[in-house]
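Notes follow the structure.
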Amino acid sequence: MDFIDQLKQFSKRVESLKGTIQTEEATKTALIMPFFSMLGYDVFNPQEFIPEFTADVGIKKGEKVDYAIVKDGQPVILVECKSINENLDRHDSQLFRYFGTTSAKFAILTNGQYYRFYTDLDNANKMDEDPFLTINILDIRDNQVPELKKFCKSVFDIDSIFSTASELKYVHEFKDVFTQQLNDPSDDFIRFFLQGCYSGQKTQSVLEKFRPVLRKALNDYISETMNDKIKTALGGSGGSVSVQEVKPAEAPAEDSSPNNTAESEKRVPNIVTTEEELEAYFIVKNMLSDVADIHDITYKDTESYINILYKANTRKWICRLRLTDSGKVLIIPDENKKETKYQLQDIYDLQQYKDQLSEVLQRYL
């Protein structure tokens, strides 16, 4: 079985067991040990996979990390485990303390679903604050598969992974910077774009004038690029099929026999996803990228509004947007799905509601 197939199979296992696991020990036994077994390690061989590995920290003796993976008698990977119900953000400091006391070059913090991979790119023998790779077992991206495969026992090579880690670290940071600029272009970023198209003095008032223009241009470009890719995928290389034409409509469930076809077609809503709706969607998507995986934030259009969802689940809607020539309205649900409406002057006003939207999304995680 190929590695990608093993991952898919393992992902199904995690999905099926996730709701039944309540403790850290159960997480280790049901999810984490099988994960490292999938990578080729003998989790029952204490000469290769050591549980409760001692990592003394300064004057504190007997400090233990959950597991250490050993090669040639030396620890090369430290693994700190938490319950699948715990958020990993509160626990990286513990692993940070252990890292500098051993010869291990890599550290992994996991709750059985999320795996964060760390090394010491910034300062030797001092674990970086940010992971160079984060994997969600329930949503593994294609470009992450070869990176994870490098941690398989059969191909594990410290130098190769360390070299890749540096690249991954900066790719991640560049994405973060770009997301920030999409949401709120900095003065320097605006000046960069103005160099080739504006010859006047680039005063602060000029920068403020062009800030929303650049923000709109960047988001428009992304929307148009994605639309082109979708059209090409749907209509072939000619791109003759419009996204609006093929978007599923919420038609009534009635008899679709030939005799009723014409009448049914008349009742199918004409749903058109506008450029403004797509742009608003990308603003919300980018705004919430630090709360959840950006790929999990999706949308579904209807006749009256665009619905922004978590994992395409209509019961987990983050917000709704009614964007018409007569007005723009943001609708945010509370814990009981009671709607609160906010009038917008412009879709870029969405930035003001980041905290409320983040709170809604957190309820679905």
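The values are calculated or read from the model by the stated rules, or taken from the named source; none is laboratory data. Note that this is a predicted model, so its numbers are computed, not measured. We place every Cβ from the backbone using ideal geometry, glycine too, and count neighbours over all the protein chains shown. These area figures cover heavy atoms from the full protein model, side chains too; ligands, DNA and RNA do not enter into them. Shrake-Rupley method; radii C 1.70, N 1.55, O 1.52, S 1.80 Å.
So is Tyr348 farther than 19 Å from Val291 by Cα and in contact with a Lys or Arg (Cβ under 7 Å, 6 or more places away or on another chain) or not?
yes
Residues that are open to solvent by less than 20 Å² (accessible area, probe 1.4 Å): list the strands (runs of 3 or more DSSP E) wholly contained in the range 284-365 that include at least 3 such residues.
The qualifying strands (runs of 3 or more DSSP E) are 306-310, 313-324, 327-333.
Out of Phe189, Phe162, I need the residue that is touching a residue at least 24 places away in the same chain (Cβ under 8 Å), closer than 27 Å to Gln351 by Cα and hydrophobic (A, V, I, L, M, F, W, C). Which one?
Phe189
Of the residues Lys175, Lys169, Lys153, only one is surrounded by 12 or more Cβ atoms within 10 Å (Cβ to Cβ), in a loop (DSSP other than H, G, I, E, B) and among the charged types (D, E, K, R); which?
Within the list Lys175, Lys169, Lys153, the selection yields Lys153.
Residues of the range 106-126 being more than 14 Å from the chain's Cα centre (by Cα) and either open to solvent by 60 Å² or more (accessible area, probe 1.4 Å) or modelled with pLDDT under 85 (or both), which ones?
Within the range 106-126, Leu121, Asp122, Asn123, Ala124, Asn125, Lys126 qualify.
Of all residues in the range 182-200, which are open to solvent by 90 Å² or more (accessible area, probe 1.4 Å) and either polar (S, T, N, Q) or modelled with pLDDT under 85 (or both)?
Selection gives Gln195, Ser199.
Anything in the range 10-54 that is of a type in the set (Asp, Glu), in a helix (DSSP H, G or I) and open to solvent by 70 Å² or more (accessible area, probe 1.4 Å)? List them, or say none.
Those that are of a type in the set (Asp, Glu), in a helix (DSSP H, G or I) and open to solvent by 70 Å² or more (accessible area, probe 1.4 Å): Glu15, Glu25.
Go through the range 1-47 and give me each residue that's in contact (Cβ under 8 Å) with a residue 24 or more places away in the chain and among the acidic types (Asp, Glu).
Glu15, Glu24
What strands (runs of 3 or more DSSP E) completely inside the range 96-145 contain at least 1 residues that are in contact with a Ser or Thr (Cβ under 7 Å, 6 or more places away or on another chain) and not hydroxyl-bearing (Ser, Thr, Tyr)?
Numbers: elements: 106-110, 114-118, 133-136.
Passing ranges, in order: 106-110, 114-118.
How many residues does the range 307-340 contain that are closer than 18 Å to His295 by Cβ, free of Cβ contacts under 8 Å to residues at least 40 places away in the same chain and aliphatic (A, V, I, L, M)?
So the answer is 3.
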